[in-house]
Amino acid sequence: MSLVSITHTAGYAPEQILSDVRTHLGRFRLTERIPADSRVLIKPNLLMKRRPEEFTTTHPTLVEAVIICLKEAGIKNITVADSPGGLYSAQLLKGIYDTCGISEVCRRQQVALNFSTDSREIHRPENHLVKSFPIIQPACDADFIIDIAKLKTHAMTGLSGTVKNLFGCIPGLTKPEYHWRFPEKELFGEMLVDLCETLRPGFALVDGVQAMEGNGPSGGELRELGMIAASDSLYDLDFFLCHVIGIDPMEICMVKSSVERGLCCGDLDKIELAGEMPRVRPFVIPQDKGIDFIGHVPKALRKPVKGIVNRFFTSRPAIRKKDCIGCGKCAESCPAKTIAIQNRKAVISYQRCIHCFCCHEMCPVKAIDIKRTTLFDH
Ligand code: SF4
Ligand code: SF4
C-alpha cells in the first residue's frame, strides 16, 4: 500500500511551509533514505516567467524548505533545474529563475542553479512507446530527483501534476516535437509515463496552496486550496490529486496509462492517507476537457472519426488580437509551425493545428483563448 501525505497549509509563510515540508519528508523518512554524498536534483514547475503570486509556478518557499531539510541531513550536492516552455538558453533561464523567485532562494541557501543547456540521450528499452529521451544534463547526473509540482488543471492533459512536471526535463524546443509526434492524448499519456519510468524520481511534493483551475496551466484562475501533498509514488499521488480536484482519473491520459500498466494502484482505498482528505468543490475543468469523446469510439473507427471531430467539434486556440503584443512566443512553441506573426499580431492557420495548446500555455499576456468550436462556427 502506498502512502500519500497531506497537510492543510494556508499561505506561503516560510516558517509554516518549512514545518509542513518537514512533516511530509518525515513521514517518508526521506532524508534518511538519501545517502549524504548523493547528487540531488530538485525539479520545480517553472513553466514561464511569472511571479510566485501569479500561481503558475512552484512557489519558491517550498523549494527553499526542501533544500533546508536536505542540508540539515548533511546532503550538500543539491541542484535546482528546469527546462521551461520555449527556448532553452542561459539568458532566458536567468529571467525565469529571477522572476519565479528561485534565484534568490538558491543564492540564500548556496545551492547550484542550473544554467547549462546540455542534454544527453537516455535509453530505456523496456519503455512501451518512447525508448529513448533527450534529458537535461542535471537530471542525467542526479542520483535522486525530487519533483515539486504545482497543482493546476491543464488544457491538454487535464491535470498538471507530478508526472506532467517531468516534461520539463526534456530540453527546450524538443518538447513541442513530442506534441507533434503524439497529438492524441492517449499516446501523449503513454509517452509521459515512459518519461517518468526513465527518470524515476524518488519523491514528489505538490504545491496546492494556491492552485489553478480552468484554463491552466497558465491562463486559469486562482484556487485557494491550502494543501501540500507528497508521496514516493508519483502515479498514486497524481491519482489522489484527481480525486481532490474532482476529475475522473481515467480521463487523465497519464494517470490512465499508469493504472493500465499497473504502476498506479488505481483505487483510493488502496492508498494510505496521512493527513485529512480535503473537502473541495470540484475544480473548473479546462474548456477543452469533456469533449474528447474520441476515447469512446471503437479503436478501428478512431482515425476517420477523429478527422471529423477535429474539423468540426474540438476546441481550438483563438487569438485575442487586441491583447496580442506580437512577441512570437506562441509561434516559437508551436510544434506544427502553424502560427505566423503578421503586422505584430499572431495569426493561426488551423489546417495543421494539432490542438496541443502549447501556444495558449506560452502566451505571456493570456491573449490566446480556448474556443470550443461547433459545426456552426465553420
Ligand atoms: S496553433 Fe497552438 S494548439 Fe495548434 S498546433 Fe500550434 S501550438 Fe498547438
Ligand atoms: S498571441 Fe501571445 S504569445 Fe502569441 S504573439 Fe501574441 S502575445 Fe505573443
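The numbers here are math on the coordinates, done by the rules we state, and not lab data. Remember, predicted model here, so these are calculated numbers, not experimental data. For neighbour counting, all protein chains shown are included, and Cβ atoms are generated from backbone atoms with ideal geometry for every residue, glycine included.
If you fit an axis through the alpha-carbon atoms of helix 90-100 and take the longest principal axis of the Cα set of the chain, what angle between them do you get, 0 to 90°, nearest 10? With rounding to tens, the tilt is 70 degrees.
Rounded to the nearest 10 degrees, the angle from helix 302-312 to the longest Cα principal axis of the chain is 70 degrees.
Convex hull volume of the Cα atoms of the chain, normalised per residue: 133 Å³.
Pairs LYS71/LYS94; LYS152/LYS321; LYS175/LYS256; LYS94/LYS185; LYS150/LYS256: which are spaced more than 29 Å apart, C-alpha to C-alpha? Display every interim value, and only then the final one.
Values: LYS71/LYS94 24 Å; LYS152/LYS321 26 Å; LYS175/LYS256 21 Å; LYS94/LYS185 32 Å; LYS150/LYS256 20 Å.
From the list (LYS71/LYS94; LYS152/LYS321; LYS175/LYS256; LYS94/LYS185; LYS150/LYS256), the Cα-Cα distance tops 29 Å for LYS94/LYS185.
Using a cut-off of under 15 Å, list every residue of the range 12-54 whose amide N is near the label point 7 Å from the Cα of SER2 along the Cα-to-beta-carbon line. Once the point is set 7 Å along Cα→Cβ of SER2, 28 turn out to lie under 15 Å by backbone N, inside the range 12-54.
Counting alpha carbon pairs within less than 8 Å and at least 6 residues apart, what relative contact order, in whole percent, applies to the chain? Don't skip to the end; give the middle numbers.
Numbers: 786 pairs, mean separation 69.2, N = 378.
Relative CO of the chain lands at 18 percent.
Quick check: from the Cα gyration tensor, does the range 104-180 come out rounded (a/c under 1.5), prolate or oblate? Intermediate values should be presented prior to the final figure.
Numbers: a/c = 1.87, a/b = 1.23, b/c = 1.52.
Oblate shape, in that a/c is at least 1.5 and b/c is the bigger or equal ratio.
The residues GLU15, GLU54, when put in order of fewest to most other Cβ atoms within 10 Å, stand as GLU15, GLU54.
Under Stokes-Einstein, with the Kirkwood radius over Cα pairs standing in for Rh, what whole-number D in µm²/s applies to the range 163-276 at 25 °C and 0.890 mPa s? Once the numbers are plugged in, D ends up at 164 µm²/s. In sequence order, the range 37-42 has phi-based couplings of 8, 6, 8, 10, 9, 9 Hz under the Karplus curve 6.51 cos²θ - 1.76 cosθ + 1.60, θ = phi - 60°, and Gly or Pro positions carry x. Angle, helix 14-27 long axis vs. longest principal axis of the chain, Cα atoms, 0 to 90°, nearest 10? Relative to the chain, helix 14-27 is tipped by roughly 80 degrees. Over the chain, with a Gaussian network built from C-alpha contacts below 10 Å, which listed residue (ALA65, ALA155, ALA204) shows the highest mean-square fluctuation? Sorting by GNM fluctuation, first place goes to ALA65. Ranking of SER2, SER119, SER258 by neighbouring Cβ atoms within 10 Å, starting from the fewest: SER2, SER119, SER258. Each residue of the range 329-346 is assigned a 3J(HN,Hα), and the resulting list reads 4, 5, 5, 4, 8, 6, x, 8, 6, 10, 10, 10, 9, 10, 6, 6, 9, 7 Hz, derived from the Karplus form 6.51 cos²θ - 1.76 cosθ + 1.60 (θ = phi - 60°), x at Gly and Pro.
When a footprinting reagent is the concern and you count Cβ atoms within 10 Å, what order do TYR12, TYR178 take, fewest first?
Working: TYR12 16, TYR178 20.
Lowest to highest Cβ neighbour count: TYR12, TYR178.
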